[in-house]
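Chemist: This is the structure, below, for whatever I ask next.
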Amino acid sequence: MNHVLITGASSGIGKQLAMDYATEGWKVTACGRDPAKLEALNLTHPVIDTLSFDMTDLSLTRQALAWVQADLVILCAGTCEYLDNGIVDAEKVARVLNTNVLGPVNCLDALLPGLQTGARVALVGSTASLVPLPRAEAYGASKAALAYFARSLALDLTPRGIHVSLVMPGFVKTPLTERNDFPMPMMVSVEQASRFIRKGLARGSAEIAFPPLFALLLKTVALLPLAWQKRLTQRLVR
Ligand SMILES: NC(=O)c1ccc[n+]([C@@H]2O[C@H](COP(=O)([O-])OP(=O)(O)OC[C@H]3O[C@@H](n4cnc5c(N)ncnc54)[C@H](OP(=O)(O)O)[C@@H]3O)[C@@H](O)[C@H]2O)c1
């Protein structure tokens, strides 16, 4: 039986992935911070094992993930906080970078030694890292850092036969985006997000950016001079 370990599985995209992989017959290890949310997931899907730990704490992460051997690892846990009016709140930025960059790095530190040839690691970034968006200094920078990390790691894990995929969602309806107070174009459901991700991973795609039209638009904007990008993205997300 194939084994998938998913972080951020107590909510949103990660939770949907955990339920869908369990339905497909995979052995699922669902990770999150909140034991109550994980217990609820286990009650509805008893085949899902759960692990609760804060991935920003390296020693807790190492303890929780020691001995886990998975065929597929999806590092989905993350957070989003926006800066307001260009005020750089260093504590806020540190929280976002710690969770979105060092969190997955801690998981990789703990998991990579146990992965076998043929295993795949997916890091969940964001299409937000493609272009500068208003108020997204911390979030966008964290996801840009994670994207670089994933691309570089893909090169270094090739000799071990371990594959790396970078997942770049557009807007997905989850508790994370419920907090957003601006229009979110081409938003998809968690069910659709899970389908895009599972299909891309089954195909062995190095990059899974969705919804495809939204990702293509942002990639096109990213090719324009910075002054044009600024005008366009300020209109896209106010
Ligand atoms: N939703 C979108 O539109 C969107 C778009 C692009 C990218 N993404 C990315 O997709 C991923 C999932 O987002 P989502 O919308 O599904 O968010 P969500 O519903 O808020 O879920 C976030 C998950 O991350 C876990 N988490 C957060 N901090 C953690 C920590 N320090 N240690 C361990 N687990 C932690 C949470 O666990 P607890 O609840 O147990 O604390 C929760 O399971 C994130 O990386 C996000 O940046 C989302």
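The values are calculated or read from the model by the stated rules, or taken from the named source; none is laboratory data. What you are looking at is a predicted structure, and each value in this text was computed from that prediction instead of being measured. As a convention, Cβ positions derive from the backbone with ideal geometry for all residues, glycine included, and neighbour counts pool all protein chains shown. Just so you know, the surface numbers come from the protein's heavy atoms only, side chains and all, with ligands and any DNA or RNA stripped out. Shrake-Rupley method; radii C 1.70, N 1.55, O 1.52, S 1.80 Å.
Chemist: Can you tell me which residues in region 3-18 are open to solvent by 10 Å² or more (accessible area, probe 1.4 Å) and touching a residue at least 60 places away in the same chain (Cβ under 8 Å)?
Modeler: Filtering region 3-18 for residues open to solvent by 10 Å² or more (accessible area, probe 1.4 Å) gives 3, 8, 10-13, 15-16.
The answer is His3, Gly8, Ser11, Gly12, Ile13, Lys15, Gln16.
Conditions tested, residue by residue: (1) modelled with pLDDT under 95; (2) touching a Lys or Arg at 6+ places or on another chain (Cβ under 9 Å); (3) hydroxyl-bearing (Ser, Thr, Tyr).
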site	(1), (2), (3)
Gly125	no, yes, no
Ser129	no, yes, yes
Ala141	no, no, no
Leu176	no, no, no
Ser189	no, yes, yes
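Chemist: Cβ-Cβ below 7 Å, separation at least six or inter-chain, first residue in region 122-148 and acidic (Asp, Glu), second outside any strand (DSSP E or B): which pairs?
Modeler: That search, which allows pairs on different chains as well, returns Glu137/Leu83.
Chemist: Can you go through Gly170, Gly200, Gly204 and tell me which one is closer than 15 Å to Leu133 by Cα and at pLDDT 95 or above? Talk me through it step by step, then tell me what you get.
Modeler: On the way: Gly200 fails: closer than 15 Å to Leu133 by Cα; Gly204 fails: closer than 15 Å to Leu133 by Cα.
Criteria check complete, one pass: Gly170.
Chemist: Hey, can you tell me all the residues within region 11-28 that are of a type in the set (Phe, Trp, Tyr) and in a helix (DSSP H, G or I)? Working first, answer last.
Modeler: Of region 11-28, the ones of a type in the set (Phe, Trp, Tyr) are 21, 26.
Of everything in region 11-28, just one residue is of a type in the set (Phe, Trp, Tyr) and in a helix (DSSP H, G or I), namely Tyr21.
Chemist: Next question. Of all residues in region 166-203 being more than 11 Å from the ligand (Cβ to nearest atom) and among the basic types (Lys, Arg), which is surrounded by the most Cβ atoms within 10 Å (Cβ to Cβ)?
Modeler: Going residue by residue through region 166-203, those that are more than 11 Å from the ligand (Cβ to nearest atom) are 166, 181-183, 185, 191-192, 195-196, 198-203.
Narrowing further to those that are among the basic types (Lys, Arg): 195, 198-199, 203.
Details: Arg195: 16, Arg198: 20, Lys199: 12, Arg203: 9.
The qualifying residue surrounded by the most Cβ atoms within 10 Å (Cβ to Cβ) is Arg198.
Chemist: Answer with yes or no whether Ala147 is touching a strand residue (DSSP E or B) at 6+ places or on another chain (Cβ under 8 Å), at pLDDT 95 or above, in a helix (DSSP H, G or I) and under 19 Å from Gly8 (Cα atoms). Steps first, answer last, please.
Modeler: Numbers: touching a strand residue (DSSP E or B) at 6+ places or on another chain (Cβ under 8 Å): yes; at pLDDT 95 or above: yes; in a helix (DSSP H, G or I): yes; under 19 Å from Gly8 (Cα atoms): yes.
Taking the combined requirement at face value, the residue satisfies it.
Chemist: Checking the conditions here, which among Val101, Val121, Val93, Val88 is away from the ligand (no atom under 14 Å from the Cβ) and under 19 Å from Ala154 (Cβ atoms)? Spell out how you get there, then give the answer.
Modeler: Numbers: Val101 fails: away from the ligand (no atom under 14 Å from the Cβ); Val93 fails: under 19 Å from Ala154 (Cβ atoms); Val88 fails: under 19 Å from Ala154 (Cβ atoms).
Val121 is the lone residue from the list that is away from the ligand (no atom under 14 Å from the Cβ) and under 19 Å from Ala154 (Cβ atoms).
Chemist: Please indicate, with yes or no, whether at least one residue in region 197-204 is on the phi > 0 side of the Ramachandran plot and not hydroxyl-bearing (Ser, Thr, Tyr).
Modeler: Step one: filter region 197-204 for residues on the phi > 0 side of the Ramachandran plot, giving 204.
This time we only want the ones that are not hydroxyl-bearing (Ser, Thr, Tyr), so: 204.
The answer is yes; a qualifying residue exists.
Chemist: Which of the helices (runs of 4 or more DSSP H) found entirely inside region 51-111 contain at least 2 residues meeting this: of a type outside the set (Gly, Ala, Ser), open to solvent by 20 Å² or more (accessible area, probe 1.4 Å) and under 16 Å from Phe149 (Cα atoms)? Walk me through how you get there before you give the answer.
Modeler: Details: elements: 58-65, 90-97, 103-111.
Of the helices (runs of 4 or more DSSP H) lying wholly inside region 51-111, those with at least 2 residues that are of a type outside the set (Gly, Ala, Ser), open to solvent by 20 Å² or more (accessible area, probe 1.4 Å) and under 16 Å from Phe149 (Cα atoms) span 103-111.
Chemist: Further question on the same structure: Which of the residues belonging to region 141-194 are over 27 Å from Asp71 (Cβ atoms) and acidic (Asp, Glu)?
Modeler: Glu178, Asp181
Chemist: Same structure again: Tell me the helices (runs of 4 or more DSSP H) entirely within region 175-238 that contain at least 3 residues that are over 16 Å from Ser126 (Cα atoms). Quick ask: steps written out before the conclusion?
Modeler: Values: elements: 175-178, 190-203, 212-222, 226-236.
Per the criteria, 190-203, 226-236.
Chemist: What do you reckon, is Ala227 among the hydrophobic types (A, V, I, L, M, F, W, C) and within 21 Å of Ala150 (Cβ to Cβ)? Talk me through it step by step, then tell me what you get.
Modeler: Numbers: among the hydrophobic types (A, V, I, L, M, F, W, C): yes; within 21 Å of Ala150 (Cβ to Cβ): no.
No.
Chemist: Would you be able to tell me the number of residues in region 204-238 that are open to solvent by 30 Å² or more (accessible area, probe 1.4 Å) and more than 23 Å from Lys15 (Cα to Cα)?
Modeler: Summing the residues that are open to solvent by 30 Å² or more (accessible area, probe 1.4 Å) and more than 23 Å from Lys15 (Cα to Cα) in region 204-238 gives 19.
Chemist: Among the residues of region 65-76, are any without any contact (Cβ under 8 Å) to a residue 12 or more places away in the chain and more than 10 Å from the ligand (Cβ to nearest atom)? Give the steps one after another, and end with the answer.
Modeler: Residues of region 65-76 that are without any contact (Cβ under 8 Å) to a residue 12 or more places away in the chain, as a first pass: none.
No - not one qualifying residue is present in region 65-76.
Chemist: Just the residues that are open to solvent by 70 Å² or more (accessible area, probe 1.4 Å), assigned to a loop (DSSP other than H, G, I, E, B) and either closer than 23 Å to Thr79 by Cα or in contact (Cβ under 8 Å) with a residue 12 or more places away in the chain (or both), please, taken from region 29-50.
Modeler: Selection gives Arg33, Val47.
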